[in-house]
1. Heavy atoms only, probe 1.4 Å: what % of the accessible area of the chain goes to carbon and sulfur, would you let me know?
2. Enumerate the calculated ³J(HN,Hα) couplings along the stretch 140-151 in order (Karplus 6.51 cos²θ - 1.76 cosθ + 1.60, θ = phi - 60°), each rounded to whole Hz, writing x wherever the residue is Gly or Pro.
3. Place a point 7 Å from Cα of Asp435 in the direction of its Cβ. Which residues in the stretch 49-67 have their backbone N less than 15 Å from it?
4. Nearest-5 percent of antiparallel DSSP beta bridges in the stretch 195-320?
5. Quote the relative contact order of the chain in percent (integer), defining contacts as alpha-carbon pairs under 8 Å separated by 6+ residues.
6. Quick check on the stretch 114-270: what are the equivalent-ellipsoid semi-axes from the Cα gyration tensor, as sqrt(5λ), descending, whole Å?
7. Can you spot the lysines whose alpha carbon is less than 26 Å from Lys67's alpha carbon? Ignore those fewer than 8 places along the same chain.
8. Please go through the residue pairs Lys602/Lys692; Lys175/Lys393; Lys274/Lys715 and name each one whose alpha carbons sit more than 27 Å apart in this structure.
Amino acid sequence: MKRTICLLCFVWIWAWSFLKAAEPSSQERKAFNHWFQNAFIKQNSVAPFSFSYDGISSHGFLSNWKKTISTQPLDAQHTGYTFHYADPHGPLAVTVEAMVYQRFPAVDWVVTLTNRGNQSTAFLDSIRSLDMTWQPRDGAEFLVHHSMGEYNSADSFRPLTRSLIADSLLLVRPKAGRSSDGWMPFFNMTNGSQGIVLAIGWSGQWQAGFLQRSGHELQVTAGMEWTHLKLLPGETIRTPRTVLLFWQGAEDLRGNNLFRQLLIEQYLPRRDGKLVYAPICASIDRVDQDGSYEGPHLRVMPELAKRGFEVFWSDMDPQHWYPVGFPDGTGTWQPDPVKYPRGLAPIGRAAHENGLEYLLWFEPERVALNTFIDRTHPEFLMVRPGERNRLFKLQDSTARAWLIDHIDKQITAAQLDWLRWDMNIEPESFWRLADPLDRQGITEIRYIEGLYSMMDELQRRHPGMIIDLCASGGRRIDIEVLRRGLPLWHSDLQCFGPHPEAEQLQNGGLFRWVPLHGCGSFGYEPSYEFRSAMTSGNIMVGHSRDYLWQRFRQREKQLLADTGLQLSPWSAIGPFTRPSGPVFTHAFPPEKKVDLNQRYGKDGLAWRAHPEWQDAEAHYFEQTVEGAFYLFRTIRSASAQTIRVYLASDDGIHCWLNERLNFVHYVNRPVHAGLDSTDLPLQAGENRLLLKITNHSGRSGFYFSLLAQDPLIGKLDTDFPETEQEVRRSIALYKKIRPYLLGDFYPLFPHDAADTTWYGYQFHRPRQRDGVFVLFRRARAADEQTIRLEDLQAGQTLDLYSENLGSTTTVTVPDIKWTISDAPGSEIIFYRVKR
């Protein structure tokens with residue numbers, strides 16, 4: 001007997017280890033089939049959706065309606081079901097179009113309601129595309145695992161676990177009409193060793209509710225947040241898409257990983273049958289002297305292609321391809337003739353000729369005041385009192401058809417491969433204002449239907465074109481739009497520069513649900529900034545300003561050490577003015593003798609020390625009058641030598657070294673307009689440097705540096721000669737790591753932004769018996785950490801390849817000790833199980 005128990009335990013442990021890999025098990029399919037039969041197939045089953053009709057819940061009458069079922073095997077992997085419920089005494093009919101996946105314990109359905117009569121129906125309220133009661137056998141605690149939505153912060157996509165309290169309702173809904181604004185529309189409900197993943201496919205204002213009732217059952221509802229409407233004769237409305245996936249296992253991530261595989265195999269975009277990764281993208285921010293963007297765009301394409309980029313990215317900023325620019329030009333979807341004198345066609349053609357794809361930014365739904373659409377078709381717009389922005393009436397078929405054709409002209413001309421679809425306005429209040437009292441919710445329904453219709457029509461006209469799902473970052477991510485595109489800019493936090501710790505957490509949170517996504521990537525491999533943002537592909541924006549300034553300061557420090565120079569802080573005085581006559585050529589007292597203790601004029605003009613002024617930065621004077629300002633410092637040199645210095649001024653400039661005039665430039669310009677340079681012949685010991693800045697009007701200031709400006713600072717530098725090797729190295733890593741990101745995802749540390757901790761995650765491919773893990777040591781964290789990888793058996797031997805070391809080592813799991821010497825620092829380690 002004992003031997004039998006041990007054998008059973010061994011089989012159970014082996015099976016459980018297998019189940020941790022994201023391959024559906026027969027037990028999971030059996031549990032799903034049992035639920036599906038009871039929920040849909042049985043003639044008198046309680047349907048897993050609900051609505052209130054004339055004040056009565058459908059649960060009280062739907063089982064008495066005539067129910068017909070039709071089944072259509074679509075292929076070896078899919079079976080379609082149509083469930084039709086008809087009111088025997090009235091005009092209302094309900095249809096459920098469902099898809100069951102043969103490989104996954106999952107179902108996808110959409111409920112529609114139709115008025116078959118010639119009069120309006122009674123009121124429909126509380127339309128829930130999902131309304132089910134889950135009664136698991138484990139008797140364990142109900143938990144709901146879900147995630148915050150986009151917040152432009154380290155909290156974006158943060159995972160949460162809610163423990164349910166009996167008879168207390170957990171209600172989740174996004175903010176103001178965008179599906180992942182505040183909360184994600186994905187949930188993983190667990191009870192002991194089993195669970196159900198719920199995905200809501202509605203790109204508007206959804207709502208999900210979780211109520212644990214006495215008797216150990218969980219009621220789960222989902223649908224639009226608000227409906228109170230009558231259907232007109234012959235009218236049909238759809239509801240949010242519902243996807244349920246059933247799973248069994250010891251950890252909730254089992255459900256997440258099965259769901260990730262379901263997305264990869266059945267939902268995410270493909271071209272020619274092949275899954276499309278978030279691409280590796282590049283852009284530029286340069287213009288020709290005539291203001292044209294075409295020349296720089298065309299000239300950069302060969303270099304970007306040579307370096308391995310996949311997509312030329314043209315965003316709302318810095319390209320501003322339409323007149324006026326962002327945000328006030330949104331609503332004029334025509335190329336600016338100054339920037340693109342021949343339109344967009346040359347750009348798309350050049351991209352394709354060089355083997356690149358072309359991505360272009362639009363914001364079809366928001367229309368700014370006085371733009372082309374606002375001026376020519378105000379009847380197509382919804383207006384909100386006190387709001388400069390309008391919302392396009394996607395619910396209006398005439399308006400929508402016009403907009404599709406209008407935007408399609410540019411898509412066709414540009415031969416777009418990616419349509420970057422942004423949405424920077426909260427639509428909910430527009431919808432509510434447009435609703436009649438007896439039709440509340442209808443505007444949102446028709447608008448969201450119109451959104452999908454427009455996306456589908458554009459993709460029908462342009463096979464292979466994929467939509468970049470952007471909405472002020474990642475505020476519209478749901479399973480319905482993921483069928484049409486990928487979120488390539490999942491947070492607007494990156495608009496404000498790199499935030500490595502936040503980017504690590506955003507990726508870690510989003511990877512739980514969505515395998516393929518991207519955002520801005522700062523720096524290059526192997527930098528901490530680059531790895532923190534890295535996904536299967538990003539828009540690479542080059543070195544961050546902070547990194548380049550740090551590198552510049554290091555070079556400056558090294559130059560001072562190599563040349564033996566010591567520079568005193570600046571002292572400044574001014575303005576010196578004249579009642580008449582030129583100021584630039586007039587010699588004021590400091591030109592005759594510099595005495596830092598001297599005061600001048602009736603106002604007692606005095607020298608003032610400025611130890612806070614750093615070189616290689618622009619500094620401005622407080623006064624804005626016409627006059628002359630003087631700056632003085634000493635330069636001690638260990639030996640006689642000549643050095644080159646770099647100067648800028650607003651406006652004219654004189655430079656004296658050791659009382660001898662060295663440089664003069666009479667000019668009227670801002671400081672940032674350009675640099676002058678001059679050689680200073682230094683003597684051994686102390687040297688005296690005097691600058692005169694002449695101001696004509698407005699603000700005045702100066703710039704001084706021992707080094708030329710770094711040409712990369714403030715630039716998108718992905719095509720610069722200085723970055724070629726860094727770019728190539730970064731792209732090689734993207735292409736190496738991206739197949740692993742399709743594996744099972746496991747966070748290795750708590751979801752924490754503290755700078756005293758490590759963070760990281762693992763992707764495991766059970767079939768290939770390999771994977772990768774990415775580690776981040778924060779600024780004040782210890783240099784060594786013990787790593788425990790998931791989905792591996794104790795005692796297994798792994799070969800680990802370190803990207804930092806460029807070498808392979810062999811270890812035995814479960815515990816791996818790893819050291820990262822830099823703080824902050826990172827490591828990427830590929831592994832394979834030794835057979």
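1. 50 percent
2. The phi angles translate into 8, 6, 7, 10, 10, 9, 8, 9, 5, x, 6, 10 Hz.
3. Answer for this model: 52.
4. The antiparallel fraction comes to roughly 90 percent.
5. 9 percent.
6. 29, 20, 16
7. Output for Lys67: Lys30, Lys42, Lys230.
8. Flagged as over cut-off: Lys274/Lys715.
The values are calculated or read from the model by the stated rules, or taken from the named source; none is laboratory data. For clarity, every value in this text was computed on a predicted model and none was experimentally measured. All Cβ positions, even for glycine, are placed from backbone atoms using ideal geometry, and neighbour counts span all protein chains on display. With ligands, DNA and RNA removed, areas are computed over all heavy atoms of the protein, side chains included. Shrake-Rupley method; radii C 1.70, N 1.55, O 1.52, S 1.80 Å.
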